[in-house]
Amino acid sequence: MEQINEIKLERQNDIALMHIQGDITAQSEPFINQAYQDLNDQGDVSKILIQFDQEAYINSGGIAVLIQILAHTQKNNQKIGISGLSEHFKKIFRMVGITKFANIYDRIEEAVAAME
Amino acid sequence: MSPGPLAFHLFPFTFHLIARNTNYLTTRNHYNILLSNSLTTFAYCADGWTEIYIILRSLEAEVNEKIKMLDERTVEVNLPTVNGYERIAMECSASFAKIGGLVKERIEDLKTAVSEACLNAMEHGNRGRPDARVLVTMYLGDKDFKVSVTDEGDGISIFPQQIDIKRKVARLEPPNGLGLFLIQQLVDQVEFNKVNGGGHVVKMVLKMED
């Protein structure tokens with residue numbers, strides 16, 4: 001079954017916002033990779049906030065895609081924030097250790113205030 | 001009297017008409033599977049219109065058998081090895097566990113564990129083979145909820161204890177391989193066993209809170 005993730009890119013001050021719509025699975029890889037590339041092509045990206053849908057289903061394949069993005073951001077010295085996760089997936093992300101590389105926030109406003 | 005070449009050629013059109021009018025046409029994939037099965041069967045039928053109706057009914061029963069209640073406490077879901085179909089087992093197990101009183105947070109744990117077990121079964125156990133199946137059996141006990149996920153593979157030889165996210169982010173090891181770890185963290189008990197006669201089963205248990 002074909003899966004498509006629509007990803008909206010925008011800026012809030014010096015923070016690049018990546019809003020990923022839909023479920024996050026291994027099939028999300030080309031969309032997320034392309035969005036990350038497009039963000040960097042805009043230049044001067046030192047802070048990135050990744051926003052998920054509250055109802056998104058995220059499996060281990062999707063987390064693996066995010067880990068690959070974290071590998072790039074670490075190499076590029078970019079600060080990463082994550083928001084929009086359900087309580088369950090906040091727990092999953094903490095369990096896996098993503099919080100060692102990205103801060104998780106409850107809301108976009110909180111994330112933007114903390115990352116500025 | 002066997003159908004002539006004209007009747008056989010007309011069959012896909014008549015099938016489509018009957019399927020559409022009787023709501024058998026659910027998804028395109030469903031339609032294609034039914035159509036290919038029906039063409040094979042129709043070639044050996046004697047009477048045209050009557051046999052078409054019988055074929056559709058029997059195929060509906062076959063499709064419906066893929067999700068069934070074995071008894072009042074046991075549900076079985078038979079999935080194709082197709083990414084995305086693990087969602088059926090997820091939602092089915094969630095609904096069943098909710099009936100038994102499993103709390104919301106644990107239902108979310110259950111859904112993720114079932115999803116990961118099914119994905120492992122499809123990708124590693126069945127190696128993505130489209131003809132291989134994943135059998136998910138759910139049992140609602142008095143004090144626990146059990147789910148077993150069976151594939152047609154040989155099983156795993158290495159059981160993950162912990163994962164090292166730093167190594168994965170540093171690209172010193174692959175970013176995947178998180179499924180078994182998540183299952184172990186999210187359920188109360190898990191076993192990995194070979195099946196007599198072939199196959200591998202993951203058995204998971206979540207305890208109901210008092």
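Before moving on, here are some points about what is shown:
- Each of B:Glu91, A:Glu55, B:Glu108 has some number of other Cβ atoms within 10 Å of its Cβ, and from fewest to most they run A:Glu55, B:Glu91, B:Glu108.
- Taken residue by residue and averaged, Cβ atoms of other chains lying within 10 Å of the Cβ of B:141-148 number 0.
- Rounded to the nearest Hz, the phi-derived 3J(HN,Hα) couplings of segment A:69-80 under the Karplus curve 6.51 cos²θ - 1.76 cosθ + 1.60 (θ = phi - 60°) are 5, 4, 4, 5, 5, 5, 5, 8, 6, 9, 8, 10, where x marks glycine and proline.
- A:Ser83 long-range amide H proximity, modeled H, under 5 Å: A:Ile50, A:Gln51, A:Phe52, A:Tyr105
- Residue-wise HN-Hα coupling along segment A:103-108, computed from phi with Karplus coefficients 6.51, -1.76, 1.60 (Hz; x: Gly, Pro): 7, 10, 10, 6, 9, 4
- Cross-link table A:Lys91/B:Lys68; A:Lys90/B:Lys98; A:Lys100/B:Lys146, entries beyond 30 Å C-alpha to C-alpha: A:Lys91/B:Lys68; A:Lys100/B:Lys146
- Residues B:Cys118, B:Cys92, sorted so that the one with the fewest Cβ neighbours within 10 Å comes first: B:Cys92, B:Cys118
- Averaged over the residues of B:74-83, the number of partner chain Cβ atoms lying within 10 Å of the residue Cβ comes to 1.
- Charged neighbours of A:Asp14, selected by a Cβ distance under 13 Å, balance to 0 (K, R count +1; D, E count -1).
- Evaluating 6.51 cos²θ - 1.76 cosθ + 1.60 at θ = phi - 60° for every residue in segment B:123-137, the Karplus couplings come out as 7, 9, x, 8, 6, x, 5, x, 8, 8, 10, 10, 9, 10, 10 Hz, glycine and proline recorded as x.
- Ranked by the mean number of other Cβ atoms within 10 Å of their residues, highest first, the peptides B:184-197, A:56-69 come out as A:56-69, B:184-197.
- As a rough guide to protection, the peptides B:119-127, A:81-89 ranked by mean Cβ packing within 10 Å, highest first, stand as B:119-127, A:81-89.
- Per residue of peptide A:24-33, the mean number of Cβ atoms on other chains within 10 Å of the residue Cβ is 1.
- Separation of alpha-carbon centers, segment B:71-107 and segment A:1-40, rounded to whole Å: 30 Å
Where a number appears in this text, it was derived from the coordinates with a stated rule and is not lab data. Since we're looking at a predicted model, the values are computed, not measured. Don't worry about glycine lacking a Cβ; one is built from the backbone with ideal geometry, like all the others, and counts go over all protein chains shown.
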